[in-house]
Amino acid sequence: MRNELDFAPLYRSSIGFDRVFNLLNNAQRLQAIETWPPYDIVKTGEDDYRIQMAVAGFAEGDLDITQERNVLLVKGQKPDGKEGEYLHRGIAGRAFERRFELADHVRVENASLTNGILSIALKREVPEAMKPRKIAIGDGSLQQAPLQIEAERQVA
């Protein structure tokens, strides 16, 4: 039994939270949790992250990494090459597609493939205007003259 939440009443009383509601809706739509390929997400610094995926058997040309808005998409597909008849196939070589929802202002710095581990470095770069700033406390008197709106003068 599956219960879906209706966020429509919240849209009427909130402004700017569309992305949060979309994330919640996307989380509800996940049918089954994909477990392959296995991955780790590591926080390496204050604003630095790394995703490590075990992609044994895949070459650099078999992998595709795309960042579109706030979604990181990692795809893998091996070319269909028959090298012989397999008596046992234990190394997974099936195609995969893994999506990661990224927070605002997170961008991919680089990616590397070493010993079957795909490492994707991420960095959060908050714009200067959005960072906290210190407000100086004054004596309450305004040093500037009050602003006035000037009307357009018409010459008769």
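The values are calculated or read from the model by the stated rules, or taken from the named source; none is laboratory data. Remember, it's a predicted structure, so these values are computed and weren't measured experimentally. FYI the Cβ positions are ideal-geometry reconstructions off the backbone, even for glycines, and counts take in every protein chain you see. Surface areas here come from the heavy atoms of the whole protein model, side chains and all, with no ligands, DNA or RNA. Shrake-Rupley method; radii C 1.70, N 1.55, O 1.52, S 1.80 Å.
Check F17, F21 and return the single one that is more than 24 Å from A121 (Cα to Cα), in contact with a helix residue (DSSP H, G or I) (Cβ under 8 Å, 6 or more places away or on another chain), open to solvent by less than 80 Å² (accessible area, probe 1.4 Å) and at pLDDT below 75. Give the steps one after another, and end with the answer.
On the way: F17 fails: open to solvent by less than 80 Å² (accessible area, probe 1.4 Å).
None of the other options fit; the residue is F21.
For residues in the range 51-95 being part of a strand (DSSP E or B) and among the β-branched types (V, I, T), which is surrounded by the fewest Cβ atoms within 10 Å (Cβ to Cβ)?
Filtering the range 51-95 for residues part of a strand (DSSP E or B) gives 51-54, 63-68, 71-76.
Filter once more, so that each one left must be among the β-branched types (V, I, T): 51, 65-66, 71, 74.
On the way: I51: 20, I65: 15, T66: 10, V71: 12, V74: 21.
Ranking the qualifying residues of the range 51-95, first place goes to T66.
List pairs: first in the range 82-103 and within 21 Å of L63 (Cα to Cα) and free of Cβ contacts under 8 Å to residues at least 60 places away in the same chain, second open to solvent by 60 Å² or more (accessible area, probe 1.4 Å) and among the charged types (D, E, K, R), Cβ under 7 Å, 6+ apart or cross-chain?
Listed pairs, sorted by first residue: G93/K78; E97/K75.
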